[in-house]
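One structure is given below, encoded as structure tokens.
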Amino acid sequence: MRARIAALTAISAGLTLAMAGPSWATPTPSAGTAAGTSTSAAASAAPGITCPAQVNRPCAWQERGERGVLGSAQVTAEHPGQLTLVRVDVKIQRAWGSPWETVASSTLLQYGSVRVSTPPVSALGPIVVCATGGPALQPALQSTTCTTPH
């Protein structure tokens, strides 16, 4: 267990991963700069977005702009020394009844509260944003939430 904690501690200083989906959901050229940033436990989501004040529960939302849709999420840590993980996915549905496909995703692992966004995606059809997060060393306490399709 100590080796696992040491390995996670070594990478927890700010691991940020971002990926974009297929070419029909092409991210904008600045996708590399849209990866996650952290926030304090008292910080709120984007302007106009309200996240319930729940510790270790992810909050997800989407932000639409001229460059596409950003999927964003945050997890408020129980304390600043908690290693926290959050992953956010932007999913689209090409046709009614077809499976949801992930077209952009970002993951952030760090100590304390975490906030992350995907690269902007231009996609047609309904979009949902799903976030999974919580204490990185206690997967049983992690949970997933999704927005309603827009």
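What residues from the stretch 84-104 fall in the zone where the backbone N is under 19 Å from a label point 7 Å along the Cα-to-C-beta line of THR144?
Label zone hits: 85-94, 97-104.
Once the Cα gyration tensor of the stretch 44-97 is found, what semi-axes does its equivalent ellipsoid get, as square roots of 5 times the eigenvalues, in whole Å, sorted largest first? Don't skip to the answer; put the middle values down first.
On the way: eigenvalues 130, 39, 20 Å².
Taking √(5λ) for each Cα gyration eigenvalue gives 25, 14, 10 Å.
Gain in length, LEU124 to THR102, computed as 0.36 nm per residue apart minus the alpha-carbon separation, to one decimal in nm?
Values: separation 22, 0.36 × 22 = 7.92 nm, distance 1.31 nm.
Contour length minus the Cα-Cα distance gives 6.6 nm.
For GLN93 and ALA53 in the same chain, what is the full-extension length gain: residue separation times 0.36 nm, less their Cα-Cα distance, in nm?
Numbers: separation 40, 0.36 × 40 = 14.40 nm, distance 3.03 nm.
Here the segment from GLN93 to ALA53 would lengthen by 11.4 nm.
Every number here is computed from the coordinates shown, using simple stated rules; none is lab data. In this text the structure is predicted, and so the values were computed from the model without any measurement. All Cβ positions, even for glycine, are placed from backbone atoms using ideal geometry, and neighbour counts span all protein chains on display.
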